[in-house]
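Working notes, structure below.
The values are calculated or read from the model by the stated rules, or taken from the named source; none is laboratory data. Everything quoted here is computed from the prediction, not taken from an experiment. Note: ideal-geometry Cβ built from the backbone for every residue, glycine included; neighbour counts use all protein chains shown.
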Amino acid sequence: MKKPPPVPSDLFESLLGLIHPLVIYSENKEYPYWGVGTAFTAEWRGHIYLISAKHIWVNQKTNPQHIRVFLRTSGLEIKFDREAIMKDDFEPSQDLLVMRVHPENVDSLSNNGLNWIDIGYTIDDDARDEDKSYCVFGYPDSHRSYDYDEKQFSASLGVLFGKRIIPQIENLESLKITTTDNKCLRGYSGSPVFRYANGQMEFSGMVITGSGASGVINYIPAQFIAELLYDVDNLERGEVVFPPEF
């Protein structure tokens, strides 16, 4: 198994290496980049995958081939050689886009700041659900800008904190945001959700929808994402493997 690179002492730098603002490429030379959305990188059976929400590119009337991801730590572009898109447009838990980072580029990208998470890692504690704390890291629309004169774009990482509540949408999990900076949730789609405790973070899922007015976000559970990665990897290898158990 390919091991993740050492986590930098600066947690923020580490997060910049694994949570990425999605950018859409346009063939218009005057306005080459635009769009909103977040993605993150995760390791699965020796490969590194970019994971995000399918509706990001569907709603912006583009396709995955026009998605661009640049490392926030170095500016290098991440290249992909495979993609998997769920076909069910009516099931929120299937709102997933997975793109494999080109294996030949992983070492170079890692040396220039790329980081990734182990989505199967769990925190070993006995906290009750109502006592568990969660955070969401992403790139809201209010935290990014495009300078078309200079042909540059900028984005800063945002964070939300919350507590789990009764699921508001079937097959999804829900959080009630406890921070006050939750008026603009546009752009958080595709953001990873983490549970944190005892100085550790456990991947819990990925945001696909939310409301700034209600302060509620809904996310696909980690289990669903792990099952998709199993399917993607098995198709690539031509193997039949039972899905993971969490």
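With respect to the numbered conditions (1) touching a residue at least 24 places away in the same chain (Cβ under 8 Å); (2) more than 20 Å from N112 (Cα to Cα), which one is the sole condition not fulfilled by N63? Single failed check for N63: (1). Taking (1) in contact with a strand residue (DSSP E or B) (Cβ under 7 Å, 6 or more places away or on another chain); (2) at pLDDT 85 or above; (3) outside any strand (DSSP E or B); (4) not hydrophobic (A, V, I, L, M, F, W, C) in turn, G162 satisfies each apart from (3). Screening H20, H66 for residues that are modelled with pLDDT of 85 or more and under 18 Å from the mean Cα position of the chain (by Cα) leaves exactly one candidate, H20. Could you look through the range 155-182, keep only residues that are touching a helix residue (DSSP H, G or I) at 6+ places or on another chain (Cβ under 8 Å) and under 16 Å from G138 (Cβ atoms), and pick out the one that is surrounded by the fewest Cβ atoms within 10 Å (Cβ to Cβ)? So, considering only residues that are touching a helix residue (DSSP H, G or I) at 6+ places or on another chain (Cβ under 8 Å) and under 16 Å from G138 (Cβ atoms), the one surrounded by the fewest Cβ atoms within 10 Å (Cβ to Cβ) is S156. Inside the range 184-210, residues that are farther than 21 Å from L22 by Cβ and either polar (S, T, N, Q) or not in a strand (DSSP E or B) (or both) make up a count of 3. Here is a list of conditions, (1) under 17 Å from G205 (Cα atoms); (2) not in a loop (DSSP other than H, G, I, E, B), and S154 meets all of them except one; can you say which number that is? All conditions are met except number (1).
The set of residues in the range 211-220 being surrounded by 18 or more Cβ atoms within 10 Å (Cβ to Cβ) and part of a strand (DSSP E or B) consists of V216, I217, N218, Y219, I220.
Among the residues of this structure, I48 counts as one that is within 16 Å of the chain's Cα centre (by Cα), of a type in the set (A, V, I, L, M) and assigned to a strand (DSSP E or B).
Residues that are more than 19 Å from I56 (Cβ to Cβ) and at pLDDT below 75 within the range 127-157 comprise A127, R128, D129, E130, D131, D147, Y148, D149, E150, K151, Q152, listed in sequence order.
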